[in-house]
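One structure is given below, encoded as structure tokens.
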Amino acid sequence: MTVQDVVKLSATYLDKENVLNYLEGKGEGSPTEVNSLTVCANVVINELACTYIPMIKSETIKVNDGKLYFNDLTETPLKIVKVCDKDGKELAHTFYPKYLAVDSDCVSIEYKYMPPNLGLTDKIDYEETSVPVRLLAFGTIAEYALLERDFDKSVMWRNRYNSLLTEMISPKNVKIRGRVFI
């Protein structure tokens, strides 16, 4: 799924023919609205990744002098999930503001990361099965309505976004034991 997929679906829900025409290359369109919808989509993707549904990445990195600098990672880390040696054994590590101190020369690191700002044709690192394009479109429309100062529409779409998000992240098979009175 790409950002363009989210923008197209958002434009469809908003009934913005000019945006759809611009994206499909048919006639005149509005690049300003496309840019605004792209920015709104990035806000929603960032909110999801940082708050609700994390993006997780694993990398193998060579360590110099026992320091793994965060800027050596391909993405901006939010939280380190685990640090392992090349055999898969978890390593003890110490956090510092700019690096992670480990006692190894090569580590496999798994971390949650903040997504970069994506362009219109960039791929979103969520799978359609875990985060449907519809969820991202609902959030994008809510943010776009805020930009347009249409607060009632923003609240309506934000409620749809929150309902779908709650349905997705709530536990599915939860059983509560019955009460026992003695």
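The values are calculated or read from the model by the stated rules, or taken from the named source; none is laboratory data. Being a predicted model, the structure only gives us computed values, none of them experimental. Cβ sites come from the backbone with ideal geometry, for glycine too, and all protein chains shown count toward neighbours. Each accessible area value is taken on the protein alone, full model and side chains, heavy atoms only, with ligands, DNA and RNA left out. Shrake-Rupley method; radii C 1.70, N 1.55, O 1.52, S 1.80 Å.
Any idea which of (1) open to solvent by 50 Å² or more (accessible area, probe 1.4 Å); (2) among the acidic types (Asp, Glu); (3) touching a helix residue (DSSP H, G or I) at 6+ places or on another chain (Cβ under 6 Å) is the one Glu143 doesn't satisfy?
It fails just one condition, (1).
Of all the residues that make up the stretch 146-182, how many are assigned to a loop (DSSP other than H, G, I, E, B) and surrounded by fewer than 11 Cβ atoms within 10 Å (Cβ to Cβ)?
Of the residues in the stretch 146-182, 14 are assigned to a loop (DSSP other than H, G, I, E, B) and surrounded by fewer than 11 Cβ atoms within 10 Å (Cβ to Cβ).
Would you confirm whether or not the stretch 121-132 contains a residue that is touching a residue at least 24 places away in the same chain (Cβ under 8 Å), in a loop (DSSP other than H, G, I, E, B), aromatic (Phe, Trp, Tyr) and crowded, with 17+ Cβ neighbours inside 10 Å?
Yes.
So Leu78 fits all but one of (1) in a strand (DSSP E or B); (2) open to solvent by less than 50 Å² (accessible area, probe 1.4 Å); (3) aliphatic (A, V, I, L, M); what number is the exception?
(2)
If you scan the stretch 1-13, which residues turn out to be open to solvent by less than 30 Å² (accessible area, probe 1.4 Å) and not β-branched (Val, Ile, Thr)?
Going residue by residue through the stretch 1-13, those that are open to solvent by less than 30 Å² (accessible area, probe 1.4 Å) are 3, 6-7, 10-11.
Those that are open to solvent by less than 30 Å² (accessible area, probe 1.4 Å) and not β-branched (Val, Ile, Thr): Ser10, Ala11.
Is one or more of the residues making up the stretch 30-51 under 29 Å from Ala92 (Cβ atoms) and crowded, with 17+ Cβ neighbours inside 10 Å?
Yes, the stretch 30-51 has at least one match.
Between a residue in the stretch 93-113 that is part of a loop (DSSP other than H, G, I, E, B) and any residue that is open to solvent by 60 Å² or more (accessible area, probe 1.4 Å) and polar (S, T, N, Q), which pairs come within a Cβ distance under 8 Å, given they are 6 or more apart or on different chains?
Final answer for the pair search is Lys98/Asn71.
Quick grid of which residues meet (1) closer than 18 Å to Ile45 by Cβ; (2) touching a Ser or Thr at 6+ places or on another chain (Cβ under 7 Å):
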{"position": "Asp122", "(1), (2)": "yes, yes"}
{"position": "Ser130", "(1), (2)": "yes, no"}
{"position": "Arg134", "(1), (2)": "yes, no"}
{"position": "Ala142", "(1), (2)": "yes, yes"}
{"position": "Phe151", "(1), (2)": "no, no"}
{"position": "Trp157", "(1), (2)": "yes, no"}
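Taking the stretch 81-120, which residues are open to solvent by 70 Å² or more (accessible area, probe 1.4 Å) and small (Gly, Ala, Ser)?
Within the stretch 81-120, just Ala92 meets the criteria.
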